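> Dropping the structure in here first, questions after.
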Amino acid sequence: MANLAELLGDLDEEAVLEAIDEVVAANGDGLAAVAELQKGMDKVGELFENGEYFVGDLIFAGEILTEAIGKLKPILSAGTGDKMGSIVLGTVHGDLHDIGKNIFKNMVEIAGFEVYDLGIDQSPEAFVEKIKEVKPVIVGMSGVLTLALDSMKDTVDAIKAAGLRDNVKIIIGGNPVTKEACEQIGADAFTTNAAEGVKICKAWV
Ligand code: B12
């Protein structure tokens with residue numbers, strides 16, 4: 001059987017999209033394919049750390065992953081039935097990175113959540129307005145710059161000031177988040193792994 005992780009690691013777009021059908025047919029559902037794609041992203045990350053891949057390769061890997069997940073979505077959501085709940089998600093103010101946010105978005109949508117994606121560089125006010133509008137169960141904040149941690153704290157403070165803090169669970173993600181940062185920011189959970197983030201959200205609803 002085609003090795004999806006290896007193909008994604010090699011950035012072979014066409015082969016990844018072809019192999020998905022094969023992996024789905026062999027396993028009966030799309031879950032094995034998602035696991036393989038995650039492994040492939042780990043490989044891309046390792047090659048980047050080793051200096052073999054560059055930023056452009058990371059971006060391309062993110063694009064292949066988005067396409068692959070798009071192809072898997074109808075298969076994965078077929079048995080999901082009702083929506084699990086809604087999530088307001090965004091990359092916080094000052095930060096333009098969104099590859100990790102988009103991976104989490106895709107994975108949590110597959111798990112059955114409805115995601116309102118604000119996009120990148122989102123102010124605390126933008127989060128507050130969207131929370132008022134759609135009344136989500138969960139708020140997800142993403143950021144990879146060190147300064148994103150300050151923006152995350154400002155956003156939680158704005159949510160508190162608007163009197164909305166008790167209505168939502170807050171999860172933060174992105175490379176710089178830690179347990180200590182999570183406590184200082186006042187979020188309910190943190191993770192540097194999208195799959196773990198999905199598990200946490202599922203446990204909340
Ligand atoms: C790709 C990249 C870019 C791309 C971004 C493209 C895009 N559309 O996102 C481009 C080239 C545009 C870019 C720009 C810049 N970058 Co940059 N970038 C990176 C790089 C190489 C990878 C980041 C990434 O995508 N990682 C892969 C993803 C999958 O990982 P992740 O984000 O952690 O996400 C995972 C989890 O954390 C989780 N997750 C993420 N979000 C969320 C949210 C929730 C709710 C949950 C549950 C989970 C979750 O799910 C993901 C999958 O498991 C990093 C270096 C590195 N090794 O991290 C530098 C890095 C982040 N960049 C850096 C810098 C400095 C910049 C620039 C300022 C460069 C410049 N001088 O112009 C600008 C920033 C502009 C700005 N204001 O944001 C620095 C940050 C330094 C710092 N400590 O603040 C880094 C660390 C590079 C470095 N070593 O110096 N960058």
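> Taking the stated definitions as given, is residue 172 among the hydrophobic types (A, V, I, L, M, F, W, C) and over 30 Å from residue 45 (Cα atoms)?
So residue 172 does not fit the description; no.
> Ok, one more. Which helices (runs of 4 or more DSSP H) sit wholly inside the stretch 106-205 and have at least 1 residues that are out of contact with any strand residue (DSSP E or B) (no Cβ under 8 Å at 6 or more places or on another chain), surrounded by fewer than 18 Cβ atoms within 10 Å (Cβ to Cβ) and polar (S, T, N, Q)?
179-185
> When the stretch 131-181 is examined, which residues are found to be within 15 Å of residue 91 (Cα to Cα) and touching a Phe, Trp or Tyr at 6+ places or on another chain (Cβ under 8 Å)?
138, 139, 140, 141, 142, 155, 171, 172, 173, 177
> Another question, if that's okay. Within the set of pairs 6+ apart or on separate chains, which have a first residue in the stretch 37-52 that is closer than 17 Å to residue 13 by Cβ, a second that is open to solvent by 30 Å² or more (accessible area, probe 1.4 Å) and among the acidic types (Asp, Glu), and C-beta atoms under 8 Å apart?
If the second residue must be open to solvent by 30 Å² or more (accessible area, probe 1.4 Å) and among the acidic types (Asp, Glu), the pairs left are 40/6; 43/6; 44/57; 47/57.
> May I pose another question? Looking at this structure, is residue 85 at positive phi and either among the hydrophobic types (A, V, I, L, M, F, W, C) or more than 11 Å from the ligand (Cβ to nearest atom) (or both)?
So residue 85 passes the test.
> Also: Return the residues of the stretch 5-37 that are over 15 Å from residue 71 (Cα atoms) and surrounded by 17 or more Cβ atoms within 10 Å (Cβ to Cβ); say none if nothing qualifies.
Within the stretch 5-37, 5, 7, 9, 11 qualify.
> When residues of the stretch 58-100 are filtered for being at pLDDT 95 or above and surrounded by fewer than 21 Cβ atoms within 10 Å (Cβ to Cβ), how many remain?
Qualifying residue count for the region: 3.
> I would also like to ask the following. Considering every residue within the stretch 129-142, establish whether at least one is modelled with pLDDT of 95 or more, more than 16 Å from the chain's Cα centre (by Cα) and among the polar types (S, T, N, Q).
No, the stretch 129-142 contains no residue that is modelled with pLDDT of 95 or more, more than 16 Å from the chain's Cα centre (by Cα) and among the polar types (S, T, N, Q).
The values are calculated or read from the model by the stated rules, or taken from the named source; none is laboratory data. All values reported here derive from a predicted model rather than from experimental measurement. Using ideal geometry, Cβ is built from the backbone for each residue, glycine included, and neighbour counts are taken over all protein chains shown. We work out accessible area using only protein heavy atoms, side chains counted, and drop any ligands, DNA or RNA first. Shrake-Rupley method; radii C 1.70, N 1.55, O 1.52, S 1.80 Å.
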